[in-house]
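One structure is given below, encoded as structure tokens.
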Amino acid sequence: MIIVYNFINKKIETIPHCADYYFNSMINNKKESFLLKSQKSSSSIPVSKTSDLETTNKNILIEPTPEVSTKAPYSGQFECETGNYHTFCPISCVSWLYQKIEDSFFLVIGTKTCGYFLQNALGVMIFAEPRYAMAELEESDISAQLNDYKELKRLCLQIKQDRNPSVIVWIGTCTTEIIKMDLEGMAPKLEADIGIPIVVARANGLDYAFTQGEDTVLAAMAQKCPERLKNINVSSPELLDPQNSSNNSINGVQKNEVQKKELVLFGSLPSTIANQLQFELKRQGINVSGWLPSARYSDLPALDENVYVCGINPFLSRTATSLMRRRKCKLISAPFPIGPDGTRAWVEKICNVFGIVPTGLEEREKTIWTNLADSINFIKGKSVFFMGDNLLEISLARFLIRCGMTVYEIGIPYMDKRFQAGELALLEKTCIEMKVPFPRIVEKPDNYYQIQRIKELKPDLVITGMAHANPLEARGIVTKWSVELTFAQIHGFTNAKDLIDLISKPLYRKQHLEKHDSLNKTFAL
């Protein structure tokens, strides 16, 4: 096992036109007719696999609370085609998490293929010295000729000497899953030996989609958060009279201690966006006591049963499960702050849980929509099709429906209906207010059937992963890379303009190209 800090550019030979070859073969080699598939009733469609949150609550009676509702969140059509994940590799979460957690070091344990992916996808310069590295598994590691613990200890000691991080995050890959490397078993012993906390996250592409890599890291990091200290009421008579304090304490803690609601937000965002969301809550009188992840490992938020947690992104269901089940936190099931409507609903839901009447949100949302009028008029009436890649599809579809677009289908690699209950309810409410039919939601979509539906529906825009973008463009279909929406700043009120510009840019490009072609034909005549 060797460690690779910097990725030097290497030429990787590829098959010419491999994307087109795959695209054509996928269409030509399928024997089952799409028409036969589309005529099947919804009852014949396989049921979606049970999510993490649904599995943990399978044998538990759940009482309705203001935070979590047990009613069906969405009246539209759900389907599951059980297709393969056609998404970006989840180990790409390293690219933004190592920048967010400033005193961390990420060690990706995999093969040369993983190293090539990080090298090309993240664009690492040889002089950048990023705070992550590849532990490349060699033949001796895979054949168990070397001791995994000794090799990882040697690498971690080298990292400690070179970088001295506050925490080391091990990122497991497909290879570590296949050879059954016991990372969780080795981490506690090695952590005690080297004196640095070790967080183990399995971000392999066999089990997780693109953005779920962050979810696995945050779920593992939630176990490292400290316990919350109890707040003692200093003005209590027991504290003022030491003689009575012994009779009114249990295990050294006063009986009449004051428990105050605290809010912790989980999800990785740039500091500027995080500050904007905190400011929106502060205007309503709500202070955010911490973030997961925090900028420094030592600043991880303290958690207990009196802490309320709320997610920022819809792909963090495993983190929500860990916070509720293992740390006993209370989850606020709110829509996600994407777009003006989502941000307003997100703030209102948190205010509702904290017993605060929100003020000024309606006027603020109207102002944002007024400023977006020109962009909305351009995309209004156009249609969009989501093939599914980054798990942001539900929130983006809801925003585009509010902008007047028609959403034919929402493909999504993984759907946790319980965690996204608030977002699904807002999507349904938006469709009713805009007087449009509920869009079809397809979990784990089969790309073959999706391509057939795209050929029939002819949407104005297809939001897809990079694997299918160029073949679709070659066939005259306008596309948008979903990975751009993952890395862009789209949260909060102030970034709504950037979000709608990302959607409208390929449509503007098509319009300009059509004008250019018409001018060329005119001059040719």
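Laboratory data are not the source of any read-out in this text; all were calculated from the coordinates shown. These numbers come from a predicted model, not from an experiment. Here the Cβ positions follow ideal geometry from the backbone for every residue, glycine too, while neighbour counts run over all protein chains shown.
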* Residue order, fewest to most beta carbons within 10 Å, for Cys114, Cys310 -> Cys114, Cys310
* Asked: List the trypsin sites (Lys or Arg not before Pro) in segment 258-314 that DSSP assigns to loop (not H, G, I, E or B) and whose Cβ has at most 15 other Cβ atoms within 10 Å. Which are they?
  -> Lys260, Lys261, Arg296
* Based on Cβ point charges of +1 for Lys and Arg and -1 for Asp and Glu, what charge dipole magnitude is obtained for segment 88-208 about its Cα centre, in debye rounded to the nearest 20? -> 180 debye
* Taking the Cα centre of segment 361-521 as origin and charging only Cβ (+1 Lys, Arg; -1 Asp, Glu), how large is the dipole, in debye to the nearest 20? -> 400 debye
* Fewest to most neighbouring Cβ within 10 Å: what's the order for Met466, Met434, Met134? -> Met434, Met466, Met134
* Kindly put Ile401, Ile179, Ile338 in sequence by how many other C-beta atoms sit within 10 Å of each C-beta, fewest to most. => Ile179, Ile401, Ile338
* Asked: So for segment 393-481, taking the charge dipole from beta-carbon charges (+1 Lys/Arg, -1 Asp/Glu), which of Pro437, Pro413, Ala469 sits furthest toward the positive end?
  -> Pro437
* For the pairs Lys112/Lys505; Lys100/Lys497; Lys160/Lys261, note any where the Cα-Cα span goes beyond 30 Å. => Lys112/Lys505; Lys160/Lys261
* Can you pull out the trypsin sites (Lys or Arg not before Pro) in segment 463-513 that DSSP calls coil and that have at most 15 other Cβ atoms within 10 Å? -> Arg475
* Formal net charge of residues neighbouring Gln223 (Cβ-Cβ distance under 13 Å; K, R +1; D, E -1) -> +3
* Asked: In the neighborhood of Val199, defined by Cβ-to-Cβ distances under 10 Å, what is the net charge if each Lys or Arg adds +1 and each Asp or Glu adds -1?
  -> 0
* Asked: Sorted by packing (mean other beta-carbon atoms within 10 Å per residue), highest first, where do 314-320, 161-167, 438-444 land?
  -> 314-320, 438-444, 161-167
* To do: Take every DSSP beta bridge with both residues inside segment 88-208 and express the antiparallel ones as a percent of the total, to the nearest 5.
  => 0 percent
